[in-house]
Amino acid sequence: MGRWKIHPKTDYYFCTSSITNWYPVFAESIFFDVIIESLNFCRIQKGLKVHAFVIMLNHLHLIVSSASDNLVSDVMRDFKRHTSGEISSLLKSKQNEEALGLFKERALNIGKEQNYKIWQNGFHPIGLESEHFFLQKLNYLHENPVRKGYVVKPEYWFYSSASNYAGFTNIAMPIDKW
């Protein structure tokens, strides 16, 4: 078995999902909104608890939990399937032939019966078995936009829960307390 899997020993997981070939698909707010809306749906309808998040231009990091060991895997699979369709539709409406061509080629190369391969495989869950490890991943996640030079403080990145942890209300998405 690989190192990325759901473990019954922990409730919290640090997860990463990346766009195929690290293509910067999240360059406009409508693409970020697909992720936010889908995460909110998963929170409300599927029982996923989102304790922290950051959406970058070509990947996202989450700290999540659920009442069921298998639910995190199931929800992430459904989340990626749904957002793939939404992102593909938006790319078509914007006539982004570069991205569509890349994702179509990738789908053909892996031989799956899908038109576009938006996400890389997996969501790489890492069990957070201690408060120390949780806080370490939380800081890593929130500092990501600062390390990339997008903002000077983590709470300035709109598509992140850093503002929630800094004591502000994040209007993009509420988070679940841990």
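No value in this document is a laboratory result; all are computed from the given coordinates. A quick note: this is a predicted structure, and the numbers were derived from the prediction, not measured. Virtual Cβ from ideal backbone geometry, glycine too; neighbours counted across all protein chains shown.
Please work out the FRET efficiency for the pair Leu108 and Asn58, using the Cβ-Cβ distance as r and a Förster radius of 22 Å; give the result to the nearest 0.05. Before the final figure, lay out each step's value.
Details: r = 21 Å, r/R0 = 0.95.
With R0 = 22 Å, the Cβ-Cβ based efficiency is 0.60.
Considering helices alone, the calculated mean residue ellipticity of the chain at 222 nm is -14500 deg cm²/dmol, with DSSP H runs of length four and up weighted by -39500 (n - 2.57) and normalised per residue.
Give the order of Leu91, Leu48 when sorted by the count of other beta carbons within 10 angstrom, beginning with the fewest.
Working: Leu91 20, Leu48 24.
Starting with the residue having the fewest Cβ neighbours, the order is Leu91, Leu48.
Stretching the chain fully between Ala166 and Arg147 yields a gain of 5.0 nm (0.36 nm per residue, less the alpha carbon separation). Could you give the distance between the Cα centres of the stretch 100-178 and the stretch 14-35, to the whole Å? Between the Cα centres of the stretch 100-178 and the stretch 14-35 lies a distance of 8 Å. Shown for the stretch 51-106 is the translational diffusion coefficient from the Stokes-Einstein equation, using the Kirkwood radius over Cα pairs, a temperature of 37 °C and a viscosity of 0.692 mPa s: 248 µm²/s.
Translational diffusion of the stretch 12-165, estimated by Stokes-Einstein from the Kirkwood radius over alpha carbon pairs at 25 °C in a medium of 0.890 mPa s, is 153 µm² per second. Simple rule: put +1 on each Lys or Arg Cβ and -1 on each Asp or Glu Cβ in the chain, find the dipole, and look at Asn58, Ser163, Trp178; the Cα lying farthest toward the positive end is Asn58.
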